[in-house]
1. Tell me which residues, restricted to the range 56-85, are over 14 Å from the mean Cα position of the chain (by Cα) and under 18 Å from Glu100 (Cα atoms).
2. Please go through the range 14-32 and pick out each residue that is loosely packed, with under 12 Cβ neighbours inside 10 Å and either touching a residue at least 60 places away in the same chain (Cβ under 8 Å) or β-branched (Val, Ile, Thr) (or both).
3. Just name the residue that is nearest to Glu42 (Cα to Cα) out of those in the range 1-13 that are among the hydrophobic types (A, V, I, L, M, F, W, C) and touching a residue at least 40 places away in the same chain (Cβ under 8 Å).
4. Being closer than 22 Å to Lys18 by Cβ and either in a strand (DSSP E or B) or not charged (D, E, K, R) (or both) narrows it down to one of Ala113, Ala109, so name that one.
5. Taking into account only those residues within the range 125-143 that are assigned to a strand (DSSP E or B), in contact (Cβ under 8 Å) with a residue 12 or more places away in the chain and among the aliphatic types (A, V, I, L, M), which is surrounded by the fewest Cβ atoms within 10 Å (Cβ to Cβ)?
6. Count, please, the residues in the range 33-63 that happen to be surrounded by fewer than 16 Cβ atoms within 10 Å (Cβ to Cβ) and in contact (Cβ under 8 Å) with a residue 60 or more places away in the chain.
7. Looking at Met128 and the list (1) in contact with a Phe, Trp or Tyr (Cβ under 6 Å, 6 or more places away or on another chain); (2) under 21 Å from Ala16 (Cα atoms), which single condition is not satisfied?
8. Just one of Leu87, Leu69, Leu13 is in contact with a Phe, Trp or Tyr (Cβ under 7 Å, 6 or more places away or on another chain) and part of a helix (DSSP H, G or I); which is it?
Amino acid sequence: MIRVKKVETDQELKEAFKVREVVFIDEQECPPEEEFDGFDDESIHFIAYISGEPVGTSRYRTTDKGVKLERFAVLKEHRGNGVGKRLVQTALGQIETTIEPGTLLYLHAQVDAMPLYARYGFQKEGEMFMEAGIKHFLMKKTL
């Protein structure tokens, strides 16, 4: 059973950071200074558990453009089991209760993850770009 919750303790945040480290730094070879970009303190974080073990994470933050969803990461051995879907649902549920209708939601989607975000109404905009050596598209939706 997948359980996703808003990060509320230092231990949960530490677990979320470990998932990001494994997925983005170790697996995808993202430079640590790009992954841990200084925006964690102003972000709302989520952690996903299976059988009490941390397996996924995400965050969102308010920017001058709207609300940016970021750092969706699921450990390789748990991909395809609905963890990413639950992270998106939980983040959007939290955003819908705290952010004004009409607000722009956006994210930089890795190409492989675009179908997941499209299921929730995000639409590709613009040209593909590279971020941390990985192909991405800007995707947007209005709350």
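A short reminder: the numbers here are calculations on the coordinates, not readings from a lab. Given the structure is predicted, the values throughout are model-derived calculations rather than measurements. Note: ideal-geometry Cβ built from the backbone for every residue, glycine included; neighbour counts use all protein chains shown.
1. Across the range 56-85, the qualifying residues are Thr63, Asp64, Lys65, Gly66.
2. Selection gives Glu29, Pro31.
3. Val7
4. Going through Ala113, Ala109 in turn, just one is closer than 22 Å to Lys18 by Cβ and either in a strand (DSSP E or B) or not charged (D, E, K, R) (or both): Ala113.
5. By that ranking, first place goes to Met128.
6. Count: 1.
7. Going through the list (1) in contact with a Phe, Trp or Tyr (Cβ under 6 Å, 6 or more places away or on another chain); (2) under 21 Å from Ala16 (Cα atoms), Met128 breaks only (2).
8. Sole residue among the options that is in contact with a Phe, Trp or Tyr (Cβ under 7 Å, 6 or more places away or on another chain) and part of a helix (DSSP H, G or I): Leu87.
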